[in-house]
Structure formats: structure tokens, C-alpha cells
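The values are calculated or read from the model by the stated rules, or taken from the named source; none is laboratory data. All values derive from a computational prediction rather than experimental measurement. Positions of Cβ are backbone-derived with ideal geometry, glycine not excepted, and every protein chain shown enters the neighbour counts. What goes into the accessible areas is simple: the full protein's heavy atoms, side chains included, and nothing from ligands, DNA or RNA. Shrake-Rupley method; radii C 1.70, N 1.55, O 1.52, S 1.80 Å.
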Number of protein chains: 2
Amino acid sequence: VRIDPSDRGFTLGDGLFETMCVVGGRVLRQGAHMARLSRGAQIIGVTMQPVDWNGAFTAVLGANGLKDTVLRLTVTRGVTSRGLVPPENARSTIIIVPSPIPPPMPPAHCIIATVTRRNEHSPICGIKSLNFLDSILARQEAVSRGADDAILLNTRGNVAESTAANIFAVKNGDIVTPPQADGILAGTMREAVLAETRGQERPLTCDELFDADELFLTNSLGIRAIASLNGRQIGSGNRQLSLRLAARLLSSEASGDREKEH
Amino acid sequence: VRIDPSDRGFTLGDGLFETMCVVGGRVLRQGAHMARLSRGAQIIGVTMQPVDWNGAFTAVLGANGLKDTVLRLTVTRGVTSRGLVPPENARSTIIIVPSPIPPPMPPAHCIIATVTRRNEHSPICGIKSLNFLDSILARQEAVSRGADDAILLNTRGNVAESTAANIFAVKNGDIVTPPQADGILAGTMREAVLAETRGQERPLTCDELFDADELFLTNSLGIRAIASLNGRQIGSGNRQLSLRLAARLLSSEASGDREKEH
């Protein structure tokens, strides 16, 4: 499979993607991923041709002899001539690429990104688009400061999310994550955690992160505790809730219990 | 020429581009375009292999039998496996695609975009990256409101630029354009106009746009007057300065007079 150099996914970042975890041949939270893709397509005005997603995923898994893998689904506006306004007859490009499930990661050492901020004024911030340079910059800053990941603030200075995950703070048993209005991409695992824990969505400050009992990151591939932020240990370091939640959600999802809800 | 679907330009918008006007076989303001590309590559940390740009442009023009054309140069971080942190050995992808010079355009009817804003807190805003979805959204809003182009504000509410051009306001003979700190991409034609007119860089409000004697847009392909903003005519409608400036800059550039400066 090769891409036309005039594909707007390549020329203008004009497209969307989903990263989905596949366990035992089953795409976890497939409904939530497909709903988010449709919402993104509506926001940027991409008309996708009808696709039998189950058939497509099964075909890619079968052709590659895979049952446990990560599938990345990319949808772009397709091939057009130069110019920003898309022609009405553009036919979207759809690509599905498997890659190995990453190994379980130890708790993350994080920094607060200083190089850039998320733009809560842009609808692009709320969809999983191909415009990923701000996250790349922040991740590069993390690596250059000896950390694993970076937490991005929004333009108002509130906490938004990490470069590829949502963030949750736990304090005295309360579980909090920033709301969509603060410039986050609402992850499928974030949704599952909110449903499981009755967590709250409300603005979070940096001070609240440093003061938390536990912090953890969620994305479609899992839940990862945060060990430190800007070099300061978070809480007592026991991270009980993060670990319990990770175990509970992952086991129930792998066995399909949550399929009705998500 | 086809692109690998794992090229980070396609998967993450991880790259840069330049759109250059070629007249009589000569790339206009080539030095300024190449300087901007290098600055962008430095900001996102892309290491380009050494390229003989003159040789590359001449080869593309020759192979296509072209002397007057638009060249789009795209540089991406190259092909890598999944993940945000680029491997150190990534080899950048470089593509040069010609397309016809668009015909001269009548003065533009513009709107102030309401759907999104430029993020002056992000270095990505100041480089010509592949992350173009905010501009696409704003241009779609313009078309849906019966206009040609949209003026984007930044998160503070100051004027930034249009979806693919810088903006200048003329009032009582003073020529003003927003500064780089207000979330603009500093265009090569903007630079030429500032040098030619001793224009000022300072923050601009929406009120100042509506109150201007003339407004005009600049990008590498030319200078275009603005006829109206949100349906209101700008100034008396004579647009003398825009027209004079366009004629002067375009003729001097086509004849190569400005080559020493830019």
C-alpha cells in the first residue's frame, strides 16, 4: 500500500485516526472508537464512503495472522489538487496498519511541557486528527529533560492532557480529570474510567497535580501511573488505585464484559 | 512517486512545506523560503539530508517543461514505526510537486472566523507545518458564509492572519501587520512588503480592520486586496495602495531586482 503525494492527509494533515487495542481478535471499545471517528469526520466535514469496519478489521487481522495487536485506522479527505477548500467529490483514503502491543510500562516520569500549549479554542483539539506536532514537540521536550512524557497545559494555564493520553488526579478518594472544554481529546479509556469510578470532570491546576495522592494516564492501550512530575514524587508512591483500576478495567475488557456499555 | 503509509508526514502531520512562485524559470524569494524551511526544521527537530535545491528545482521544472509555475516543496521526518518520539536515524522525505499559477483574483470578500483561533502559545503556529486543519476549518466557514477567505484571531482575540495569507491594514498612510508573537506565520511576501513600505508590526484589533482605509492579503503567490469584511465594505473601496504595491513588488521580483535583499 502506498499513498498518493497529493493525498490531503500528507499535504495538509487533513484527516483523522484511531489507535485500537485488539485482544483475542476483538477490537476493544470499538463502538467508542467508531463514534469518535464519526464525530471527527463531521467536524472537519469529511464524508466517508460506507465501510464494513468489522469486515475490514477481520481482514487485516487475518491477512497478518494476528489476534493480539494494535490497529491504527487512518482516514483522510483523499487526493485533491492544491488549495484549502476540499472539492465535494473527494474520496476519502482509509488505511489500517497493525503494530505490536507495547509491553507494560513502569510508572511514568513526567514534566509539565513549557514549549507549547493546547488550544482549547480550536475544535481540532477535541478530535483525533493528524495534526500532532504540538504533542511531538512536548514529547521531545520530555525526552530532552530525561522524562517519559509531558503534561500539556491549555492557553489559560489549566491542565489538559499528556502527549498521547488523558490524565486523572486522585485526592482523598476523589477522582478528577479535565473537561472537554479545557482542550483535551476525550479518550475511549478516559470514558471507561469515568463510568467505572464515577470520576468528576472539572478544570485541574498544576498545583493540584503536584498535591495529588495519585496521578495516572489513560489511553486506548492502557492505564499508566505517574511516578513523578518535574522530578517531584507524586503522593506516597503506593499508587494503589491506579493499579487496581488498570487490573479491573483491562480484565473486564479482555473478557468482553463492558461491550454492552461501550 | 508514492508515499509510504508509515511516513510521519502522513501519520502525524510531522513535516513542513513551502509554496513557491516560479517566473521565467526562477524561484521568487528562494532565499527567504529556504531560510524559513530551515528554521522550521530546527524547531521541530528534523535533520534534513543535504540537498542541492537549485538542482532539484531545475530538474522538476525541466522534467515537466515548466518555466512559470507554483512549486510545492514538502519535507517530512520520514518513515518510522509507531510512537511520537522520532528515532534518531529517520531519513526525511522530500517531495517537489508543480501546479499551475492561479489566475489573478478579484478583491476578496472575507469574514472573521468564529469556528477556531490560532494558538500564539505554540511554536507550530510560526512555522509552515503540515498541521493545517484550523485553516481548513476557517476556510470552510468562509465558503459556507458566501465569502472567499477568513481572518483568524489568536486566543487573546487579536488579529492574526487569513487561512493562507498575512494581513495588512492601511490607515491614514500607515501600514500595519500583526507581529510574530500574535500567532502568525511570517510569509516571504509579508517580509518583502514590510521592507518595501517601512510598515509596522504591532497587534491589530478587529475594530481596526473594520476602520481601515484599505486591507490586503499577502502570500508567496501575490497580493490581494480585501473588498469586504463580514459583509461591510472596507474604506472607500479605491484600494490604491494595495494595487500600487502589488504592481511594484511583482514587477520588481519578476525582473530579479530584489534578489540581493531576499
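Just a few scattered comments:
- Residue that is nearest to the chain's Cα centre (by Cα) [pool: residues in the stretch A:67-121 that are among the polar types (S, T, N, Q) and under 30 Å from residue A:226 (Cα atoms)]: A:74
- Within the stretch A:1-16, the residues that satisfy the criterion of being farther than 18 Å from residue B:78 by Cβ and crowded, with 24+ Cβ neighbours inside 10 Å are A:8, A:12, A:14, A:15, A:16.
Residue by residue, here is whether (1) modelled with pLDDT of 95 or more; (2) among the polar types (S, T, N, Q); (3) closer than 28 Å to residue A:38 by Cβ holds:
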position	(1), (2), (3)
A:102	no, no, yes
A:108	yes, no, no
A:121	yes, no, yes
A:128	yes, no, yes
A:131	yes, yes, yes
A:142	yes, no, no
A:150	yes, no, no
A:157	yes, no, no
A:160	yes, no, yes
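- All told, residue A:60 meets the bar of being of a type in the set (A, V, I, L, M, F, W, C) and more than 11 Å from chain B (Cβ to nearest Cβ).
- Taken together, B:46, B:1, B:51, B:85 contain a single residue that is in a loop (DSSP other than H, G, I, E, B), touching a Pro at 6+ places or on another chain (Cβ under 7 Å) and over 23 Å from residue B:250 (Cβ atoms), which is B:1.
- Just one of the numbered conditions (1) touching a strand residue (DSSP E or B) at 6+ places or on another chain (Cβ under 6 Å); (2) outside any strand (DSSP E or B) is not true of residue B:218: (2).
- Which listed residue, of A:87, A:100, is more than 19 Å from residue B:7 (Cβ to Cβ) and either buried (at least 21 other Cβ atoms within 10 Å of the Cβ) or more than 9 Å from every other protein chain (Cβ to nearest Cβ) (or both): A:87
- Within the stretch A:129-158, considering residues that are away from chain B (no Cβ under 11 Å) and closer than 30 Å to residue B:76 by Cα, the one nearest to the chain's Cα centre (by Cα): A:151
- Inter-residue pairs, beta-carbon under 6 Å, first over 20 Å from residue B:82 (Cβ atoms) and in the stretch A:103-114, second outside any loop (DSSP other than H, G, I, E, B) and among the β-branched types (Val, Ile, Thr), 6+ apart: A:110/A:151; A:110/A:226; A:112/A:151
- Filter result (more than 18 Å from residue A:128 (Cβ to Cβ) and facing chain B (nearest Cβ under 8 Å)) within the stretch A:8-56: A:11
- Close pairs (7 angstrom Cβ cut-off, 6 or more residues apart or separate chains): under 15 Å from residue B:110 (Cα atoms) in the stretch B:211-222, among the β-branched types (Val, Ile, Thr) and open to solvent by 20 Å² or more (accessible area, probe 1.4 Å) anywhere: B:216/B:223
- Answer residue from the stretch B:17-45, given it is among the polar types (S, T, N, Q) and within 21 Å of residue A:137 (Cα to Cα) and is most open to solvent (accessible area, probe 1.4 Å) among those: B:42
- Residue in the stretch B:203-213 that is under 15 Å from the mean Cα position of the chain (by Cα) and open to solvent by less than 70 Å² (accessible area, probe 1.4 Å) present: no
- Flag if residue B:48 is farther than 28 Å from residue A:95 by Cα and either touching a residue at least 40 places away in the same chain (Cβ under 8 Å) or open to solvent by less than 10 Å² (accessible area, probe 1.4 Å) (or both): no
- Among (1) in contact with a Pro (Cβ under 9 Å, 6 or more places away or on another chain); (2) within 11 Å of chain B (Cβ to nearest Cβ); (3) surrounded by 20 or more Cβ atoms within 10 Å (Cβ to Cβ); (4) not charged (D, E, K, R), the one test that residue A:78 misses: (2)
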